[in-house]
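The values are calculated or read from the model by the stated rules, or taken from the named source; none is laboratory data. Remember, predicted model here, so these are calculated numbers, not experimental data. Cβ placement follows ideal geometry from the backbone for every residue including glycine, while neighbour counts extend to all protein chains displayed. Just so you know, the surface numbers come from the protein's heavy atoms only, side chains and all, with ligands and any DNA or RNA stripped out. Shrake-Rupley method; radii C 1.70, N 1.55, O 1.52, S 1.80 Å.
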Amino acid sequence: MTAADTGRPDVAQTRIHNIGYRSYDGPRLGRAYARRSLYSQSLRGAYGLGRSAKSKVLPMILFAVMCVPAAIIVAVAVQTKMSELPLDYTRYAITTQAIIGLYIASQAPQSVSRDLRFRTVPLYFSRPIERGDYVTAKYAAMASALFVLTAAPLVVLYLGSLLAKMDFADQTAGFGQGLVSVALLSLLFAGLGLVMAALTPRRGFGVAAVIAVLTISYGAVSTVQAIADVQGSTDAVPWLGLFSPITLIDGVQTAFLGAESAFPGGQGPGTGTGAIYLLVVLALIVGSYAALMRRYRKVGL
């Protein structure tokens with residue numbers, strides 16, 4: 001039997017062609033570089049940077065909507081020569097919580113749902129990057145994006161207060177308290193938003209889940225608190241605040257950051273109850289990270 005009979009080329013006619021590929025002899029940047037790159041890419045993507053013009057519209061509009069009220073407050077304060085700002089630094093995020101909820105609902109799914117939908121997660125794990133690196137980078141990027149969103153208007157307020165020659169010590173203290181509050185809010189909202197978004201590769205379902213957890217829960221808890229306050233059950237108002245993310249932040253800053261409570265009747269938690277609020281917030285942050293780690297252990301290679 002000849003080579004022609006078998007349909008295979010003769011071994012003597014086989015050629016090996018050198019097409020010029022060369023092995024890589026440079027430095028291997030490793031996991032730390034990959035983790036930083038994923039963090040940077042995810043943070044930029046949260047504001048549409050490096051993506052299409054269409055992707056920049058919503059996050060930039062929401063960022064502007066967050067900052068415009070602060071600019072208006074500053075303009076009024078300067079023109080009328082107020083001695084203090086009409087809105088405390090710690091109250092700003094509570095007042096604009098609907099905008100924050102809409103932002104995380106729109107950006108958390110694009111951060112993680114697309115990787116699940118297009119099955120690109122195994123490609124990340126085929127490189128020198130582990131599941132913990134992926135989760136840490138995504139979590140840190142989303143928390144950073146939220147911190148930028150929530151801290152920017154506080155910076156506007158602070159600079160405006162200095163321009164209006166308000167008391168430097170009071171404004172600096174209030175600004176610091178506001179930054180601590182929004183940092184805690186950013187960690188909490190980022191964790192909950194990413195967990196909800198990572199449950200499904202469908203972006204629409206992820207958006208709905210995030211809105212339900214962050215925004216609808218606030219409306220439901222606030223309504224029940226108002227009913228309890230009207231009926232004279234004022235002692236129940238602080239405990240009801242444990243069941244919504246934004247009221248948890250309100251309770252923590254009321255108990256430990258000298259903020260005025262936005263609860264009905266101003267019935268915020270004291271130091272003892274506030275400690276429970278803080279423990280719940282920290283448990284949710286740690287639990288969100290653990291839930292994300294568990295979720296990505298189930299993503300097949």
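Some notes on this structure:
- Residue list for segment 38-76, restricted to those being of a type outside the set (Val, Ile, Thr) and over 18 Å from the mean Cα position of the chain (by Cα): 50, 51, 52, 53, 54, 69, 70, 71, 75
- Restricting attention to segment 130-182 and to residues that are open to solvent by 60 Å² or more (accessible area, probe 1.4 Å) and not in a helix (DSSP H, G or I), the residue that is modelled with the highest pLDDT turns out to be 167.
- The set of residues in segment 253-274 that are open to solvent by 40 Å² or more (accessible area, probe 1.4 Å) and either in contact with a Phe, Trp or Tyr (Cβ under 6 Å, 6 or more places away or on another chain) or not in a loop (DSSP other than H, G, I, E, B) (or both) comprises 256, 265, 266, 271, 272.
- Breaking point among (1) free of Cβ contacts under 8 Å to residues at least 24 places away in the same chain; (2) over 26 Å from the mean Cα position of the chain (by Cα); (3) assigned to a helix (DSSP H, G or I), for residue 86: (3)
- Flag for residue 103 being touching a Phe, Trp or Tyr at 6+ places or on another chain (Cβ under 6 Å) and of a type outside the set (A, V, I, L, M, F, W, C): no
- Being of a type in the set (Asp, Glu), surrounded by fewer than 17 Cβ atoms within 10 Å (Cβ to Cβ) and either in a helix (DSSP H, G or I) or in contact with a Phe, Trp or Tyr (Cβ under 8 Å, 6 or more places away or on another chain) (or both) is a description that does not apply to residue 115.
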